[in-house]
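*Asks:* Shown below is the structure under consideration.
The values are calculated or read from the model by the stated rules, or taken from the named source; none is laboratory data. A quick note: this is a predicted structure, and the numbers were derived from the prediction, not measured. Reconstructed Cβ throughout: ideal geometry from the backbone, glycine too, with neighbour counts over all protein chains shown. Note: accessible area is taken over every heavy atom of the protein model, side chains too, but ligands, DNA and RNA are not part of it. Shrake-Rupley method; radii C 1.70, N 1.55, O 1.52, S 1.80 Å.
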Amino acid sequence: MTNSFRTLDDVDVKGKRVLVRVDLNVPMDGGKVTDATRLERIAPTITEISDKGGKVILLAHFGRPKGRDDKNSLKPVAAALADVIKKPVAFAYDCVGDVAAKAVGAMKDGDVLCLENTRFHSAEEKNDPAFVAELAKLGDIWVNDAFSAAHRAHASTEGLGHKLPAYAGRTMQAELDALGKALDAPTKPVIAIVGGAKVSSKIDLLENLVTKVDALVIGGGMANTFLHAQGVKVGKSLCEKDLAATALRIIDKAEASGCAIILPVDAIVAFHFAANTPSHAYGLDAIPDEGMILDVGPQSIERINSAIDDAATLVWNGPVGAFEMTPFDRGTVAGAKHAAARTKAKKLISVAGGGDTVAALNHAGVADDFSYISTAGGAFLEWMEGKPLPGVEVLKK
């Protein structure tokens, strides 16, 4: 897929000022980074440009500040990044103006500089042309390595691509390659597993997927809405009953597209929403009126695993049960372990993304065994919905 995008293979960075949009939105506690995954992901792009003699000027946002706010400064993140890349990372207290210009002017080839939070300026999210021009003055080329922000048409995530020669960084390139193999040009048959609480947040996603995949497993609270639409009594389970017509429309669209919809055939039911509360497996014809479906049952797990066995490519977004609480993590963990084993055996290409999904795969202990895990939340979802992402479109040749 990245044949259609400009990458670092297409440019000589030696002696150039390279503005690199990265994702530094990492979890912090007490001024310390608690999970460096995103820093580790961007390290290859930064070190490659630096080693080739480019001046690496990092642009990023952090949090959702309303103006300048020290709580959202990137300074402690820059320090943590230096530990990851094993190189000094200089810091400038603004991303435009004299402060930024002086910091960039002092750089030598191979140096790394982190500019302050772009969202300290409201013009960033407005993609204000004057602000884009101010940023563009600081660089000769622009590299976008933040797929997670690519669904936003902001100054540093999209605007710069119209002012400077634009390239995908290595993290962006890996993401585009993985996503291309998953849905755009996949090895068939393709299965998608979509879970999570609500259908309402994933209508566009489901509508797109049924036209792209051979089978769609629906789990989590979402499945209850589909079961209710088909006349199944779901007791006191999480269920968007007002979306029954939407669920039936998606089922009809799937049938017309030749996509098999795989819903639970049994369920793990409890009477309290709490970890380790007493629970029992029920057939769908016997869900108690006071009961809550909190996970797929053993027969459903077998069906999901069989669907994974039939697939060459798997795309996963969302857990199939309330995986945060034992024992209602069993369905998600079983499916994740089965997919991981198939992937390790080179029988499956497995791509997963979304915050809950990544947490669930980490919980199952198989995150490293999937072909690719996207750390992007909203961007991954919008890509699965079939929507063009502004920060990706601007990189096309």
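*Asks:* Within the stretch 361-381, track down each residue that is in a helix (DSSP H, G or I), open to solvent by 30 Å² or more (accessible area, probe 1.4 Å) and at pLDDT below 90.
*Replies:* GLY378, LEU381
*Asks:* Filter the stretch 311-328 down to the residues that are outside any strand (DSSP E or B) and buried (at least 22 other Cβ atoms within 10 Å of the Cβ), then identify the one that is nearest to the chain's Cα centre (by Cα).
*Replies:* Per the stated criteria, the residue is GLY318.
*Asks:* Filter the stretch 125-145 down to residues that are open to solvent by less than 10 Å² (accessible area, probe 1.4 Å) and not in a loop (DSSP other than H, G, I, E, B) and give me whichever is nearest to GLY97 (Cα to Cα).
*Replies:* Restricting to residues being open to solvent by less than 10 Å² (accessible area, probe 1.4 Å) and not in a loop (DSSP other than H, G, I, E, B), the top hit is LEU135.
*Asks:* Please determine, by comparing only the residues of the stretch 344-360 that are open to solvent by less than 20 Å² (accessible area, probe 1.4 Å) and assigned to a helix (DSSP H, G or I), which one is farthest from ALA185 (Cα to Cα).
*Replies:* Residue satisfying both the conditions and the ranking: ALA360.
*Asks:* Are there any helices (runs of 4 or more DSSP H) wholly within the stretch 177-280 with 1 or more residues that are open to solvent by 30 Å² or more (accessible area, probe 1.4 Å) and over 30 Å from LYS396 (Cβ atoms), and if so which?
*Replies:* By residue number, 220-229, 244-257.
*Asks:* Cβ-Cβ distance below 8 Å, separation of 6 or more or different chains: which pairs start in the stretch 233-247 with a residue that is at positive phi and at pLDDT 95 or above and end on one that is of a type in the set (A, V, I, L, M, F, W, C) and surrounded by 14 or more Cβ atoms within 10 Å (Cβ to Cβ)?
*Replies:* GLY235/VAL269; GLY235/ILE287; GLY235/MET292; GLY235/ILE293
*Asks:* Given the criteria at pLDDT 95 or above, within 28 Å of ASN3 (Cα to Cα) and among the hydrophobic types (A, V, I, L, M, F, W, C), does ALA101 qualify?
*Replies:* No; evaluated as a whole, the condition is false for this residue.
*Asks:* Quick check on VAL217: is it closer than 17 Å to VAL194 by Cα, of a type in the set (Val, Ile, Thr) and touching a residue at least 60 places away in the same chain (Cβ under 8 Å)?
*Replies:* yes
*Asks:* Mind listing whichever residues of the stretch 160-176 are assigned to a helix (DSSP H, G or I) and either over 23 Å from PHE370 (Cα atoms) or under 14 Å from the mean Cα position of the chain (by Cα) (or both)?
*Replies:* The answer is LEU160, GLY161, HIS162, THR171, MET172, ALA174, GLU175, LEU176.
*Asks:* Being at pLDDT below 95 and open to solvent by 10 Å² or more (accessible area, probe 1.4 Å) narrows it down to one residue among SER148, SER122; which is it?
*Replies:* Of SER148, SER122, the one residue that is at pLDDT below 95 and open to solvent by 10 Å² or more (accessible area, probe 1.4 Å) is SER148.
*Asks:* Further question: When the stretch 343-397 is examined, which residues are found to be in contact (Cβ under 8 Å) with a residue 40 or more places away in the chain, of a type in the set (Gly, Ala, Ser) and either out of contact with any strand residue (DSSP E or B) (no Cβ under 7 Å at 6 or more places or on another chain) or within 30 Å of LEU164 (Cβ to Cβ) (or both)?
*Replies:* If the condition is that a residue be in contact (Cβ under 8 Å) with a residue 40 or more places away in the chain, of a type in the set (Gly, Ala, Ser) and either out of contact with any strand residue (DSSP E or B) (no Cβ under 7 Å at 6 or more places or on another chain) or within 30 Å of LEU164 (Cβ to Cβ) (or both), then ALA360, SER374, ALA376, GLY377, GLY378, ALA379, GLY386, GLY391 are the ones that fit.
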